[in-house]
Amino acid sequence: MEPAVIAPLVDPYARPITYLRVSVTDRCDFRCVYCMAEHMQFLPKAELLTLEELDRLCTAFVGLGVSKLRITGGEPLVRRGIMGFFRQMSRHLGQGLDELTLTTNGSQLGRFADELAECGVRRVNVSLDTLDEDKFARVTRWGRLPQVLRGIEAAKAAGLRVKINTVALKGFNEDELFDLLAWCAAEDHDLTFIEVMPMGDLEGEDRLGQYWPLSDLRARLAERFTLLDLAERSGGPARYVRLQQTGQKIGFITPLTHNFCESCNRVRLTCTGELYMCLGQEDRADLRRPLRASEDDGLLRDAIREAIALKPKGHDFDYSRQGIGGQMTRHMSHTGG
Ligand code: SAM
Ligand code: SF4
């Protein structure tokens, strides 16, 4: 018998877990230099959860109080049948789920923006590190900027609010800081900068060499604008400032220069059904076994609760001691960023 009222998920540090990020595929049509090797070995398709299984898992989480679902990857929009999955998930909106959203590289938005809006998606995060076509091709290896810009246009036309996520890369997009800012202001997109994180061991890529601390980026912004710190928190790592002169709101995701773990409300599900309790730790739980062991969700719910009881206090990323501390060998595309 199911209890009439199911207790919400709360971790050992009294943090309510209300946000699930789901990586629906490890595959991608880009090969961003900080995320993937050029020749990636992807999982055999048979190892992926089916979309029906992902539905059951997400539905179980919503039943346990998760009110925000972010679909990510790899590139979520390259998974075959993904629109059917969005359509299915939309049944939870207003029934426990407050927000259904995604993070994408934008390449397929031209095809899918309207359908996403029909599924109740209201906001989309698009990753974009440069507005220069050649640099874009270099950083994504396989991506083409015009296609992404068309995708962003389509999202806007479909009524989706667009947030641009830009990884701050030393010697790469430092010189575009103010251009990116101006473009986002002109297009009315939100903008968040992300510090490059020590994920994946990529063919000698120099992760420390790519690291452009956001404290430095912020100082550069402050040379031209008055920065007003906003109290706003999304329960996540982002901190926001408003530029007094333009009114523009800018986010910073600074896992390295600031630790953000005390307010963490999220867990991450991989496309094989592993639940990672922290982006920066190896602690994880296999949900595929209890999912497949029984058609009833009792075992699955127990496994989710056991996993949440093991959520660590925080990550150990650290660039401060002349080296990379807390490095994770798994790729960001595995846990979905
Ligand atoms: N393919 C989609 C995209 O690019 O938006 C979703 C998955 S991607 C792994 C999610 C986010 O992780 C992207 O914004 C990407 O820039 C970011 N990311 C990937 N590798 C990173 C790293 N090493 N450090 C910081 N951010 C990273
Ligand atoms: Fe693909 Fe996103 Fe990783 Fe780039 S950051 S390789 S678009 S998963």
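The values are calculated or read from the model by the stated rules, or taken from the named source; none is laboratory data. It should be emphasised that the depicted structure is a prediction, and the values quoted were computed from it without experimental measurement. Heads up, the Cβs are rebuilt from the backbone with ideal geometry, glycines too, and the neighbour counts pull from every protein chain shown.
Points worth noting:
- Residue in region 55-70 that is surrounded by the most Cβ atoms within 10 Å (Cβ to Cβ), counting only those that are under 16 Å from Gly273 (Cα atoms) and charged (D, E, K, R): Arg70
- Test: Gly159 is more than 20 Å from Ala37 (Cβ to Cβ), part of a helix (DSSP H, G or I) and modelled with pLDDT of 95 or more: no
- Checking each residue in region 63-116 for being part of a helix (DSSP H, G or I), within 16 Å of ligand 1 (Cβ to nearest atom) and closer than 26 Å to Arg301 by Cβ picks out Pro76, Ile82, Phe85, Phe86.
- Pick from region 4-39, criterion free of Cβ contacts under 8 Å to residues at least 24 places away in the same chain and over 29 Å from Lys313 (Cβ atoms), ranking: farthest from ligand 2 (Cβ to nearest atom): Ala4
Let's see how each residue does on (1) loosely packed, with under 15 Cβ neighbours inside 10 Å; (2) in contact with an Asp or Glu (Cβ under 7 Å, 6 or more places away or on another chain); (3) not in a loop (DSSP other than H, G, I, E, B):
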| residue | (1), (2), (3) |
| --- | --- |
| Ala7 | yes, no, no |
| Leu20 | no, no, yes |
| Arg31 | no, yes, no |
| Met36 | no, no, no |
| Gln41 | yes, no, no |
| Glu53 | no, no, yes |
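- Hits in region 202-240 (condition: in a helix (DSSP H, G or I) and at pLDDT below 70): Arg207, Leu208
- Looking only at region 71-84, residues that are away from ligand 2 (no atom under 13 Å from the Cβ) and surrounded by fewer than 21 Cβ atoms within 10 Å (Cβ to Cβ) come to 4 in all.
- Scanning region 277-297 for residues that are modelled with pLDDT of 95 or more, touching a Lys or Arg at 6+ places or on another chain (Cβ under 9 Å) and either hydrophobic (A, V, I, L, M, F, W, C) or within 16 Å of Arg70 (Cα to Cα) (or both) gives a single hit, Leu291.
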